[in-house]
Amino acid sequence: MNIRKGRIDDVDKVYRLYKKVSQTEGGIARFEDEVTEEYVEGFVKNALDDGVFIVAEKDGDIVGEIHGYKIGIRVFDHVLSNITIVVSPDFCGEGIGKKIFLKLIEEGKKIEGVSRMELIARESNKKALKFYESLGFEIEGKMRQRIKNSKGEFEADILMGIIF
């Protein structure tokens, strides 16, 4: 397993990973048809330009990815936001998520002026919430009925942050 900074030429492999993960209910907050090459290329470029982009690579395939970036508004210039993590369902439970998340935190701390990271997670994803708390993130708020899942049911999103 190779954990490394992502590159622009990783877009195709990350796209394939996101397509796979989007087929799992409760994974990323996008339906499969919303995962486009343009979407992936957009967040990769944002993370490369003003944030962090980390991948986990095994046998030439990207099996995990995490990114976060500044949103381009000066009053939020100290915040690494839009943090999103995906791990291939074939490799869940192997510690890949923790490894790439710790690398994101390490690299994020190196960005001049960044003192906060934030993410949003589904309230129903108890495993993820516990995982983020184990990394030092704290629950800061709840956005009721923010997600409408594939069954038409509403779910809350939980805002989490870490300050360093």
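Quote the relative contact order of the stretch 2-117 in percent (integer), defining contacts as alpha-carbon pairs under 8 Å separated by 6+ residues. So the answer I get is 26 percent.
Annotation: lysines with alpha-carbon distance below 22 angstrom to K126 (same-chain offsets under eight excluded): K20, K98, K99, K142, K148, K151. Each Lys and Arg Cβ is given +1 and each Asp and Glu Cβ -1; about its Cα centre, the stretch 1-68 then shows a dipole of about 280 debye. Give the residue from G152, M117, I62 lying farthest towards the positive end of the charge dipole for the chain; charges sit on Cβ (+1 for Lys and Arg, -1 for Asp and Glu) and the dipole is referred to the Cα centre. Working it through, the farthest residue towards the positive pole turns out to be M117.
Legend: helices of the chain (whole DSSP H runs) are marked when their alpha-carbon atoms reach 18 angstrom or more along the helix axis and their mean Kyte-Doolittle hydropathy is at least -0.5; marked are 96-109.
Each Lys and Arg Cβ is given +1 and each Asp and Glu Cβ -1; about its Cα centre, the stretch 2-117 then shows a dipole of about 560 debye. Computed from backbone phi with θ = phi - 60° and the Karplus coefficients 6.51, -1.76 and 1.60, the 3J(HN,Hα) list for the stretch 53-66 is 9, 10, 10, 10, 10, 9, 6, x, 9, 8, 10, x, 8, 9 Hz; x is used for glycine and proline.
Every number here is computed from the coordinates shown, using simple stated rules; none is lab data. Just so it is clear, the model here is predicted, and its values are computed rather than measured. Please note: Cβ atoms are built from the backbone with ideal geometry, for glycine as well, and neighbour counts cover all protein chains shown.
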